[in-house]
Amino acid sequence: MTVRPHKAMVLAAGLGLRMRPLTEHMPKPLVRVAGRPLLDHVLDRLAEVGVTEAVVNVHYLPDQIIDHVAGRTSPRVIISDERDQVLGTGGAVVKALPLLGDAPFYHLNADTMWIDGVRPNLARLAEAFDPARMDILLLMAPTAGSIGYAGKGDFAMSTDGSLHRRKETEVVPFVYAGAAIMSPAIFKDAPQGEFSLTKMFDSAGQRHRLHGLRLDGVWMHVGTPDAVAAAERAYLASVA
């Protein structure tokens, strides 16, 4: 069974502290890479795979993002306004659930960026998502070869795609690339208020319903001003 999500949530409410000074007067999703804001790169990818509505949450300098997406039609953007509250990555989804509906949806960080391989990775995610076996399917980037990433990884991945979170003393080969497909049903008993989405990842993992798909292409971790330049060089080289 192939899932074809027509809705998505894009997390765009962060403070972007590590991206300063670029984010002192601009939200991180509007930082430009290769001439386009990070948020537009994400929305363009969603449009490519047929997403018609994207819920974008805002908190830090919200009016800039609201004004920026006001004329967007593909996908149409619905704002989830969090300017008066801090909900975290998990609480943001809970607030947006009435806008996302009952079907599995794409979930992306507004600052995630990658170069696709032969086929769009979001299309590959949709083809790989099996509601009978999984509640969450994460796009996983190999730590080796990723641009701008120097961490110890997030997960180990079995041959069947099941994920196992890194223990504190471990180094694992995959990092979450900031794109996923999720079933809204997993949030039925989620807490109210602020909490991290990692709580839902761990819950799905305990039920053996957290899976990963290896990214085909190159992932770019755009977390600092220096990383912007590195991502831009890689992106421009890929389209030259």
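One table, with the values for the structure above:
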item: Sulfur and carbon atoms: percent of accessible area, region 1-97 [1.4 Å]; result: 52 percent
item: Per-residue SASA entry for residue 158, accessible area with 1.4 Å probe, Å² rounded to 10; result: 50 Å²
item: Among the listed pairs 7/188; 95/199; 167/188; 7/167; 28/152; 167/199, those beyond 22 Å (Cα-Cα); result: 167/188; 7/167; 28/152
item: Rounded Å value of the spacing that divides the Cα centres of region 10-80 and region 144-175; result: 27 Å
item: Sparse-neighbourhood loop sites, trypsin sites (Lys or Arg not before Pro) in region 124-203 - DSSP loop, at most 15 other Cβ within 10 angstrom; result: 133, 152, 167, 188
item: Largest-first ordering by accessible area, 1.4 Å probe, given options 99, 39; result: 99, 39
item: Simple label model, 7 Å out from Cα along Cβ direction - residue 189 to residue 207, nm; result: 0.8 nm
item: Share antiparallel - DSSP beta bridges, the chain, percent rounded to 5; result: 50 percent
item: Percentage, to the nearest whole number, of Cα pairs in region 83-202 over 20 Å apart; result: 48 percent
item: Candidates per GluC sites (Glu not before Pro) in region 1-96, loop by DSSP, up to 12 other Cβ within 10 Å; result: 24
item: Exposure rank, largest accessible area first [221, 6, 211; 1.4 Å]; result: 6, 221, 211
item: Length added when fully stretched, residue 52-residue 199, from 0.36 nm per residue minus Cα-Cα; result: 50.1 nm
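The values are calculated or read from the model by the stated rules, or taken from the named source; none is laboratory data. Computed from a predicted structure; not experimentally measured. Ideal geometry is used to build each Cβ from the backbone, glycine not excepted, and the neighbour counts take in all protein chains shown. The area values use the complete protein model at the heavy-atom level, side chains included, leaving out ligands, DNA and RNA. Shrake-Rupley method; radii C 1.70, N 1.55, O 1.52, S 1.80 Å.
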